[in-house]
Amino acid sequence: GMVQYARQSHFTRANQFIEMRRRFMEDPIFRNLLSLIAADCPDVAKTPIQDRRNLVGFLEEVALLVNSGMIRPHVAHYMFGYYVLLIDSCDAFWTDLDREGHYWRVFREFVILMKQSREAPKIITI
């Protein structure tokens, strides 16, 4: 019974993670923002502030799942770390957003965790 429970738990976590990744990559607003950020395009500052908030908010959801133990840090890094670090380094993205504000604390802590994960890669298991 315990083995079955563990397998079911693993399967549930994997499905949840895959669904998050799909939601992230298929959202046209997120894709547009990520393209602008990756190209280091200053036009990202002209995108609606709520779209940028939603993108960081989504990544904070991932961070909360990591913090709760639902997703392992190295898995989150593998799937989302690149984007977290890209957003963190894009000054234009943060135009009219208070990057150091209280409400982005979870994101800033996630950035630190993703930098640490980048330096200590692991075998990816969900």
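Below, the figures for the structure above:
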read-out	value
With Cα atoms, 0 to 90° folded angle of helix 49-67 axis to the chain main axis	30
Ordering of 89-99, 105-115 by burial proxy (mean other Cβ atoms within 10 Å per residue, highest first)	105-115, 89-99
Global form of region 33-90, assessed from the alpha-carbon gyration tensor, a/c cut-off 1.5	oblate
Test item: Cα-centred dipole of the chain, Lys/Arg +1 and Asp/Glu -1 on Cβ, debye	580
Probe 1.4 Å, protein heavy atoms only - accessible area per residue of the chain in square angstrom	61
The chain - mean residue ellipticity at 222 nm from DSSP helices (-39,500 (n - 2.57) per run, n ≥ 4, rounded to 500)	-21000 deg cm²/dmol
Protein accessible area in the chain, 1.4 Å probe - carbon and sulfur %	55
Label selected from (1) 25, 15, 11; (2) 29, 15, 13; (3) 20, 18, 14, the criterion being semi-axes √(5λ) of the Cα gyration tensor in Å as computed here	(2)
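The values are calculated or read from the model by the stated rules, or taken from the named source; none is laboratory data. All figures in this text were calculated on a predicted structure; none of them were measured in a lab. Quick reminder, even Gly has a Cβ in these numbers, built from the backbone with ideal geometry, and neighbours come from all protein chains shown. Each accessible area value is taken on the protein alone, full model and side chains, heavy atoms only, with ligands, DNA and RNA left out. Shrake-Rupley method; radii C 1.70, N 1.55, O 1.52, S 1.80 Å.
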